[in-house]
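Novice: A single structure is presented below for examination.
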Amino acid sequence: MSVHVAMPKWGLTMKEGKIVNWLIKEGDPVKKGQDLFEVETEKITNIVEALADGILFQIVVPVGTVVKTGTIVAVIAEEGETAERIEGIQMGEAPEGEPSSSKTPAGEKPVKPEGKKAFVPATPAARRVAKEFEIDLTRVTGSGPGGRVTEKDVIKYHEEGPPPPKITPLALEMANQAGLDIATVTGTGEGGKITQADVEKALSQETLEEAAPPTSIPFTGMRKAVADNMYASLQQTAQLTTFTEVDVTEMVGFRDIIREEYKKDDIRISYNDIIILAVSRALKRYPIMNSTLVEDEILLHDSVNMGIAVALDDGLIVPVLRDADKKGLLQIAKETRILAGNARKGNLSMDEVTGGTFTISNVSMFQVDGLTPILKPPETGILGIGRVKEKPAVYKGEIAIRSMMFLSLTFDHRVVDGAPANAFLETAARYLEHPNLIMS
């Protein structure tokens, strides 16, 4: 009995997937659990395995096509069975769960099947000689009946090379004066003859090429997914951003003390680790900021699942540190390193990029003072972290050089008003000013 293979649904937020590579050819045998095809989502790229033994009877959805979860993409039939073919897009039942652990290695691109060559009428002898001389028959002009390529045509092509292109006298003169290689010109005249217009077009194209045309970057994959999500976030939420400048001199000293204490254990505490700890404690005091808006309900979450934005070469991904409010500073430091490393290697699971309740976007490693981060729906808030900068500030009634940092909180004004949002930001700032408060 045939089996319909459907586009899977990995996680609650996955709505569609793009088939980037079929790993089994139509008509080939397949084993249950064998890698079948590769899917690209807005989160990750992963492999879908075959659901049954048999023959890959039909590939319904070709490479490069984006379809909704549940769409039938292939049919696996039993050996010897003639299954019913699927016509057009049809919906089935989307299998849910985790993606296969099999992944495309970092830096590799999915292999695309080669296109079929055009059929060339030729004698068996011509094909044998063409194969011997490694000659592409599509380049040989046939002299046989109906343009059929003969053995003599192939041998002539091998000895003399391709015949000179047909060209009008005026076009030839223009090409010679301009130093244009007519072999690079495609003729549009009768029988493929090169005309004056063809030469003029080729010369104008050379001029354009000398002008160094802009490099084209495909707007696809993760870059496209990030763009779509950011645009949708701004269109569908009421976003407001507030700022505060924080004196983090004590936080800087606190980090240095912790680093010195644990340097033998190869534990390197960062500002980001301290900020995650401080923000997770502040969220417990203001649970409305640790909420998500799902349809007509505001869900207040008991645990803080902290999203940590990680920049990649082709976009941005936000792995999630689960139960951040229940972890100590050293455990936070250890687990965030693992998450960030997996993100850069492309080894994150679906569970590690979904289910966040609040996000931190830290640009302190750049010479950037602040930012206005964009919400990651359905979350209510995202905190932007600027660089730590030493500058004059008022401290205990006097001007002193202090370590200062800007915090910027973007929140969904539909869910929370300005007063509680700003109170949360003030509490997070106070915890960073006096890090001993978060250790209690």
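The values are calculated or read from the model by the stated rules, or taken from the named source; none is laboratory data. All figures in this text were calculated on a predicted structure; none of them were measured in a lab. Backbone-built Cβ (ideal geometry, glycine too); neighbour counts: all protein chains shown. SASA here: full protein model, heavy atoms, side chains in, ligands and nucleic acids out. Shrake-Rupley method; radii C 1.70, N 1.55, O 1.52, S 1.80 Å.
Novice: Across segment 212-248, what is the total count of residues that are open to solvent by less than 100 Å² (accessible area, probe 1.4 Å), at pLDDT 90 or above, farther than 17 Å from K376 by Cβ and out of contact with any helix residue (DSSP H, G or I) (no Cβ under 8 Å at 6 or more places or on another chain)?
Specialist: 1
Novice: Quick test of your reading of the structure: I438 fulfils all but one of (1) over 17 Å from K284 (Cα atoms); (2) crowded, with 16+ Cβ neighbours inside 10 Å. Name the failing condition by number.
Specialist: For I438, the failing item is (1).
Novice: Please state which one of T13, T41, T65 is closer than 21 Å to R85 by Cβ and modelled with pLDDT under 90. Full working, then the answer.
Specialist: Details: T13 fails: closer than 21 Å to R85 by Cβ; T41 fails: closer than 21 Å to R85 by Cβ.
Being closer than 21 Å to R85 by Cβ and modelled with pLDDT under 90 holds for just one of T13, T41, T65, which is T65.
Novice: May I ask you to list the residues in segment 7-21 that are surrounded by fewer than 22 Cβ atoms within 10 Å (Cβ to Cβ) and touching a strand residue (DSSP E or B) at 6+ places or on another chain (Cβ under 9 Å)?
Specialist: Listed by number, the residues that qualify are K9, G11, K15, E16, K18, V20, N21.
Novice: Those residues that are closer than 16 Å to A202 by Cα, small (G, A, S) and in a helix (DSSP H, G or I), I need them from segment 133-181; list them, please.
Specialist: A171, A175, A178
Novice: Starting from residues that are free of Cβ contacts under 8 Å to residues at least 40 places away in the same chain, outside any loop (DSSP other than H, G, I, E, B) and of a type outside the set (D, E), keep the ones in segment 397-435 and report whichever is farthest from T357 (Cα to Cα). Full working, then the answer.
Specialist: Our first condition is that a residue be free of Cβ contacts under 8 Å to residues at least 40 places away in the same chain; within segment 397-435, this holds for 397-401, 417, 419, 430.
Checking the rest, the ones that are also outside any loop (DSSP other than H, G, I, E, B) come to 398-401, 419, 430.
Filter once more, keeping what is of a type outside the set (D, E): 399-401, 419, 430.
Numbers: I399: 40, A400: 38, I401: 36, A419: 20, R430: 22 Å.
So, considering only residues that are free of Cβ contacts under 8 Å to residues at least 40 places away in the same chain, outside any loop (DSSP other than H, G, I, E, B) and of a type outside the set (D, E), the one farthest from T357 (Cα to Cα) is I399.
Novice: Step by step: first the residues of segment 368-390, then only those that are open to solvent by 60 Å² or more (accessible area, probe 1.4 Å) and not polar (S, T, N, Q), then the one that is farthest from the chain's Cα centre (by Cα). Which residue is that?
Specialist: Step by step, filter segment 368-390, then rank; the result is E390.
Novice: On the given criteria, is R259 open to solvent by 30 Å² or more (accessible area, probe 1.4 Å), under 20 Å from R337 (Cα atoms) and out of contact with any Asp or Glu (no Cβ under 9 Å at 6 or more places or on another chain)?
Specialist: Yes.
Novice: If A333 satisfies all but one of (1) surrounded by fewer than 19 Cβ atoms within 10 Å (Cβ to Cβ); (2) farther than 24 Å from N229 by Cβ, what's the number of the condition it fails?
Specialist: It is condition (1) that A333 fails.
Novice: Does segment 190-201 hold any residues that are more than 15 Å from P164 (Cα to Cα) and modelled with pLDDT of 85 or more, and which are they?
Specialist: Those that are more than 15 Å from P164 (Cα to Cα) and modelled with pLDDT of 85 or more: Q196, A197, D198, V199, E200, K201.
Novice: Could you run through segment 298-317 and say how many residues are aliphatic (A, V, I, L, M), within 17 Å of R285 (Cβ to Cβ) and open to solvent by less than 40 Å² (accessible area, probe 1.4 Å)? Show your work before the answer.
Specialist: As a first pass, look at segment 298-317 and keep what is aliphatic (A, V, I, L, M): 298-300, 304, 306, 308-312, 316-317.
So of that shortlist, the ones also within 17 Å of R285 (Cβ to Cβ) come out as 300, 304, 306.
Imposing the further condition that a residue be open to solvent by less than 40 Å² (accessible area, probe 1.4 Å) reduces the set to 304, 306.
Adding up the residues that qualify gives 2.
Novice: Would a scan of segment 342-353 turn up a residue that is over 20 Å from the mean Cα position of the chain (by Cα) and of a type in the set (S, T, N, Q)? Let's see the steps before the verdict.
Specialist: Kept after step one, since they are over 20 Å from the mean Cα position of the chain (by Cα), are these residues of segment 342-353: none.
No.
Novice: If the Cβ limit is 7 Å and pairs must be 6+ apart or interchain, which residue in segment 250-275 that is assigned to a helix (DSSP H, G or I) pairs with which residue that is open to solvent by 50 Å² or more (accessible area, probe 1.4 Å) and not hydrophobic (A, V, I, L, M, F, W, C)?
Specialist: E250/E433; E250/H434; R259/R268
Novice: So which strands (runs of 3 or more DSSP E) stay within segment 292-387 end to end and still have 3 or more residues that are within 24 Å of F411 (Cα to Cα)? Show your work before the answer.
Specialist: Numbers: elements: 297-300, 306-308, 310-312, 315-317, 358-362, 381-385.
It comes to 297-300, 306-308, 315-317, 358-362, 381-385.
Novice: Looking at segment 75-105, which of the residues that are aliphatic (A, V, I, L, M) and part of a loop (DSSP other than H, G, I, E, B) is modelled with the lowest pLDDT?
Specialist: A94
Novice: Then there is this: Residue under question is E108, and the condition is that it be under 30 Å from V353 (Cβ atoms), modelled with pLDDT under 80 and either in contact with a Gly (Cβ under 7 Å, 6 or more places away or on another chain) or open to solvent by 40 Å² or more (accessible area, probe 1.4 Å) (or both); does it hold? It would help to see each step written out before you state the result.
Specialist: Details: under 30 Å from V353 (Cβ atoms): yes; modelled with pLDDT under 80: yes; either in contact with a Gly (Cβ under 7 Å, 6 or more places away or on another chain) or open to solvent by 40 Å² or more (accessible area, probe 1.4 Å) (or both): yes.
So E108 passes the test.
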